[in-house]
Each structure stands twice: as C-alpha cells, then as structure tokens.
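Presented below is the structure to which this report refers.
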Amino acid sequence: MKLIPFILGLTAILLIGCSKDKITATTEQGIEIETITTTDTISVVFSTSSNATVTGASSLQSVTIDGNRVTIVNNDRNPITYLLSGSTSDGYFKIYSPKKQQIELNGVDITNPNGAAINVQGITDSVSKGKAVYLVLKGNNTLTDGTTYSNTPSEEDEKAALFSEGQIIISGTGSLTVNARGKSGIVSDDYVNITGGNVTVNSTASTFVSGGDTTKVAGIKGKDSFIMTDGTLSISCSGTGAKGISGDGTAVFNGGTVNITVSGNNFGSTSGGGGWPGGGHGGNQSSDNSVAAKGIKFDGNITFNGGTVTVKCSKHEAIESKGELTVNGGIVYAYSAADDAINSASTMTINDGFVCAHATSNDGLDANGNLYIKGGLVYAIGSSSPEMAIDANTEGGFKLYVQGGTLIAIGPLENGASLTQSCYQASSWSKSTWYALSVDSSTYAFKTPSSGGNKLVVSAASQPSLKSGVSTSGGTEYFEGTLLIDPSVSGGTNVTLSNYTSGGGGGGWH
C-alpha cells in the first residue's frame, strides 16, 4: 500500500528522530507518518582482496555471497539495520524484504560494473512490495553503477546506481557520492525524501531508445514525488537527454541547499537549443522519442517553501512544472541558455522569497496560465524581443498580475498585465552595470546581464529611486553575487523612472 495520497496533502516532511534503532519521519505539525524501529543489525564488509563478509544474520535471512556481490532475502517480518562498509570494484548489495529497512552507509565504496550498486526489492506480493528504505549517511560513501545493466532479472526493475521499489528517505551527517554511468543516480518507484547529509550525483548516463521506448535518465527521480527538507544536494548531468531531478508527481523544497548543473544535449529531434551561455531556443520535442535535458522537471506541481535552489541548464528549461509552480519562501536561482528559466504549464505564484529567473534565449518567467507576483523579490531577465522578462498566457485568456513584492525586470512584461502595484521603466539601461534600487529604507543593488531585453522595469511597495554605475561593498549576496541586499553604495548617476504600461514604450540598452 502506497502512502503517497496522504503524504502529498502534508505541508512538509521532517526527519526528527535518528538513532541506531529508530528513525521517525513526521510532519511539521508533529504528526507521525513513518517510523522504523530495527530489531537486529547485519554487517556487510566489502573487500578489494577477498570475498565480502556478512555477520549478524539469523536463520530468517538467506544470504548469498558471490565475491563481493551480496544478496540478502529477509524472511523476517521485522525491520533490519544493514551496516555497509569497505570497498569493492566489482560488487553490489541487494536486498529483498517484506518490511521497510534501514541501511547505514559507513565509509563504503561500491562499484557494480554490470548494474546497480544498491538495489532494494520488495517481496513480490501485493502487501509487501515497495517498502521504504531509510538510508543513513555516516562518513564518506560512494556508489557507482555500470555503463551497462546486464544481469537484471526479467521480472525486476533496476533503474539507478541506488534503486528502491519503495520510498527512499536519506538522513545523517555523512556524505554520499553517486556516479551514474549507465542509468540514473538515485531512483525510487515511490518518493525520495532528503532530510540530511551531503549528497552528490555525477551523471554521465544518457537517455537511449530500446525497442521504440524511451528510457529517461535523471540524477534523482522520485516517481511519485520528491521532498527536500535539509542537507545538501549537488547534481551534475552531462548525459544526453538527462535531467537533474524529475518525477511523474510533485516536488516540494522545504529547506537545505540544492545545486544542479545540466550541460548535456537534448535527445532526439528538437527545434534547436544552443550552447552555454549562448544558443538558440530549446523548443519542444518533435517526436515521442525526443527527451529534453532539463534541470528540474515534474509532471505535477512544484513548491518552494524554503532552502536555496540553484539550477543551470544549457539546452532547455532550468525549472519546469507541468502543473502549478509556487514560491512561498527560500531562494530560487534558475539560469537557462536555451529556453525559459522557469516555466509552468498552469498557474505560477510568487508569494515570498527570492527568485531570479535568467534566460539568455527566451523568457525569464513563463506561465501558461495566470502568473501572480504577490511578494518577495523577483529578478527576471529575458532575452531580446520578442521574448519577455515575465510572460503569461495572454493568448489563452490569462494574465500577469503584479500585486506586491519588489520586482526588477530586464525585458518587457506580458501585454495586458494587471499592475495593481505600480511599475516604472528606466529611461535607458546599460549592460554589465551595477544599479542601486532604493525603496524606503532598503537598498537593492543588482548587476545587469551582458545582454537581454530592451527595457528595465522595476516595481516596489512605494515609488523607488534608481542609480546606475554605482560602487558597492558589503550587503547580503543572492544569485551568485548578482544581487545585494542593503550594501554600502557610493557614486552612480540618477536614472529617470516613468510609469510603465505593460507592452508599451521603452528605452533601449547600450
């Protein structure tokens, strides 16, 4: 039985209890949804010079050791802690279990040249298939898959260097590096929840076609959902058609730090896509066997509640939701050299937080439904005309609504926008120049891009003032140092601001 319908209705998932014997996952309100209490520990030590050793197993566990290829079938209905250590260049750890399990990685290094390094399977029945695995990180750990998967049983899935049929919940104070060479880095057929630790995924695997079906590769894929609560996650994808984080369901970012770089080409036939940092429009795929290389892509809603998320993509959109996209807090920086920086197929809403959407070949922010800016700070950069800094689907009867917050836009706003909060246009703007926007007692210093749209538009709760060519020191840095909050500002030239009507008028850039 899956827990997804219940979990998706919760606002956040936290891992608050972590010890040798028990891990408890709860919501922010303290409602317990997942608990594991392990009764026994089985130790698995891998070796570069001899067979792996397994200790602590009982008659209820069937253990198979083939060199450093370890398979355990747990016939006990009680959860077990599996403690993995040691190193092997030709091995794996595979478990079959009817219960959720805890795996502690304690300085382990596993390379499987023929498939997954860790493979968690359920016992094949309707009750026990797809149980959670609690992955606790201690010390420095590395998992590497093979460039080909040659020994997967026909009735099983094996989709990643770290694969589980059930949920994957990652915690701890250690680190995990996943090198994905043949398929994805980390995949759950349910959800992935990162609550602690330092996780790095290096993906060189590419999307490929077998028998007419496209296999989609990602750094991390939670089939039903992805939840980031705490810790650090770094993903680098250079494979063709690969994505940083993807899923068929939803994504929620509650905290922690996420850094994603996707430099691989699109797979199959697309309408373009240039290099990084330049290039043409990424466009839509022209066939069912085409796969775009995107930073974050989910078929459901994407929500940012906290933390810091940085995404850079060279051939397609940096962040895309096929549902709604909402920013309630945190820091979101998205850069695309070939398509929209941030795109939603439905409504996009920014309620709070800090958002920078920088596109060198298309729109900064692009919603195919209504787009609401209600609060927070938004720095949106679009490419030259006809692209926009902020685009809503006017053709479909939707609108851009600027209702609050602080807005800096390089490029025009969507035609026919509802500007409840007044917007102002600079008489002219210069590229690669520091500007200071003053609003009441606050100062926002920002550096303009080396290219972009033909307008500089700003908006704030009260009428701001603007200076160009300023010198800055100090302040709080955002978006890789291109925005400073309350720095010391000196020099500069006053810039004339006039009332802005979306889609109309405008000075050029130098």
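Look at ILE390 and say whether it is closer than 20 Å to GLU317 by Cβ and buried (at least 21 other Cβ atoms within 10 Å of the Cβ). Don't jump to the end; show me each part of the working.
On the way: closer than 20 Å to GLU317 by Cβ: yes; buried (at least 21 other Cβ atoms within 10 Å of the Cβ): yes.
The answer is yes for ILE390.
So which residues in the range 370-426 are among the hydroxyl-bearing types (Ser, Thr, Tyr) and at pLDDT below 95? Walk me through how you get there before you give the answer.
Of all residues in the range 370-426, those among the hydroxyl-bearing types (Ser, Thr, Tyr) come to 372, 379, 383-385, 394, 401, 406, 418, 420, 422, 424.
SER383, SER384, SER385, THR394, listed by residue number.
Every residue, every condition in (1) surrounded by fewer than 24 Cβ atoms within 10 Å (Cβ to Cβ); (2) small (Gly, Ala, Ser); (3) in contact (Cβ under 8 Å) with a residue 24 or more places away in the chain, yes or no:
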residue: VAL136; (1), (2), (3): no, no, yes
residue: THR142; (1), (2), (3): yes, no, yes
residue: SER154; (1), (2), (3): yes, yes, no
residue: PHE163; (1), (2), (3): no, no, yes
residue: VAL178; (1), (2), (3): no, no, yes
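Within the range 463-474, count every residue that is in contact with a strand residue (DSSP E or B) (Cβ under 6 Å, 6 or more places away or on another chain), within 21 Å of ALA426 (Cβ to Cβ) and in a loop (DSSP other than H, G, I, E, B). Before the answer, list the steps.
Of all residues in the range 463-474, those in contact with a strand residue (DSSP E or B) (Cβ under 6 Å, 6 or more places away or on another chain) come to 464-474.
Cutting the leftovers down to within 21 Å of ALA426 (Cβ to Cβ) gives us 464-472.
Okay, now just the ones that are also in a loop (DSSP other than H, G, I, E, B), so 464, 469-470.
Of the residues in that region, 3 qualify.
If a residue must be out of contact with any Leu (no Cβ under 7 Å at 6 or more places or on another chain), hydroxyl-bearing (Ser, Thr, Tyr), within 22 Å of LYS399 (Cα to Cα) and outside any loop (DSSP other than H, G, I, E, B), how many such residues does the range 304-354 contain?
Total satisfying the criteria: 3.
May I ask you to say which residue of THR476, THR472 is of a type outside the set (A, V, I, L, M, F, W, C) and touching a residue at least 24 places away in the same chain (Cβ under 8 Å)? So that I can check it myself, show each step before the final result.
Values: THR476 fails: touching a residue at least 24 places away in the same chain (Cβ under 8 Å).
So the residue among THR476, THR472 that is of a type outside the set (A, V, I, L, M, F, W, C) and touching a residue at least 24 places away in the same chain (Cβ under 8 Å) is THR472.
Quick one: count up the residues across the range 90-129 that are modelled with pLDDT of 95 or more, surrounded by fewer than 24 Cβ atoms within 10 Å (Cβ to Cβ) and among the hydroxyl-bearing types (Ser, Thr, Tyr).
Result for the range 90-129: 1.
Hey, any hits in the range 496-508 for a residue that's within 34 Å of the chain's Cα centre (by Cα), closer than 18 Å to CYS356 by Cβ and either surrounded by fewer than 16 Cβ atoms within 10 Å (Cβ to Cβ) or not small (Gly, Ala, Ser) (or both)? Outline the logic, then answer.
To start, the set of residues in the range 496-508 that are within 34 Å of the chain's Cα centre (by Cα) comprises 502-503.
Remaining after also requiring closer than 18 Å to CYS356 by Cβ: none.
Checked the range 496-508: no residue is within 34 Å of the chain's Cα centre (by Cα), closer than 18 Å to CYS356 by Cβ and either surrounded by fewer than 16 Cβ atoms within 10 Å (Cβ to Cβ) or not small (Gly, Ala, Ser) (or both).
Looking at ILE36, ILE7, which one is closer than 19 Å to LEU135 by Cβ and at pLDDT 50 or above? Outline the logic, then answer.
Details: ILE7 fails: at pLDDT 50 or above.
It is ILE36.
Sort through TYR424, TYR401, TYR372 and tell me the only one that's touching a strand residue (DSSP E or B) at 6+ places or on another chain (Cβ under 7 Å), assigned to a strand (DSSP E or B) and under 18 Å from ASP340 (Cβ atoms).
Values: TYR424 fails: under 18 Å from ASP340 (Cβ atoms); TYR401 fails: under 18 Å from ASP340 (Cβ atoms).
That would be TYR372, the only listed residue that is touching a strand residue (DSSP E or B) at 6+ places or on another chain (Cβ under 7 Å), assigned to a strand (DSSP E or B) and under 18 Å from ASP340 (Cβ atoms).
Can you name the condition, by its number, that PHE446 falls short on among (1) in a loop (DSSP other than H, G, I, E, B); (2) surrounded by 13 or more Cβ atoms within 10 Å (Cβ to Cβ); (3) out of contact with any Gly (no Cβ under 8 Å at 6 or more places or on another chain); (4) of a type outside the set (A, V, I, L, M)?
So the condition that PHE446 fails would be (1).
Whether any residue in the range 308-328 is over 18 Å from THR261 (Cα atoms), surrounded by fewer than 24 Cβ atoms within 10 Å (Cβ to Cβ) and either under 15 Å from the mean Cα position of the chain (by Cα) or among the aromatic types (Phe, Trp, Tyr) (or both) is what I want to check.
Just the residues of the range 308-328 that are over 18 Å from THR261 (Cα atoms), to begin with: 322-328.
Subset that is surrounded by fewer than 24 Cβ atoms within 10 Å (Cβ to Cβ): 322-324, 326, 328.
Right, trim to either under 15 Å from the mean Cα position of the chain (by Cα) or among the aromatic types (Phe, Trp, Tyr) (or both) and you get 322, 326.
Yes: one or more hits.
Could you tell me which numbered condition VAL378 fails, if it satisfies all but one of (1) crowded, with 24+ Cβ neighbours inside 10 Å; (2) touching a residue at least 40 places away in the same chain (Cβ under 8 Å); (3) touching a Gly at 6+ places or on another chain (Cβ under 8 Å)?
It is condition (2) that VAL378 fails.
Taking SER432 as the residue in question, decide whether it is more than 26 Å from ASN351 (Cβ to Cβ) and of a type outside the set (A, V, I, L, M, F, W, C).
On the way: more than 26 Å from ASN351 (Cβ to Cβ): yes; of a type outside the set (A, V, I, L, M, F, W, C): yes.
So SER432 passes the test.
Among (1) buried (at least 24 other Cβ atoms within 10 Å of the Cβ); (2) over 26 Å from PRO98 (Cα atoms), there is one condition LYS216 misses while meeting the rest; what is its number?
With respect to (1) buried (at least 24 other Cβ atoms within 10 Å of the Cβ); (2) over 26 Å from PRO98 (Cα atoms), LYS216 is out only on (1).
The values are calculated or read from the model by the stated rules, or taken from the named source; none is laboratory data. Values in this document were obtained by computation on a predicted structure and should not be read as measured data. Positions of Cβ are generated from backbone atoms using ideal geometry, with glycine treated the same way; all protein chains shown enter the neighbour counts.
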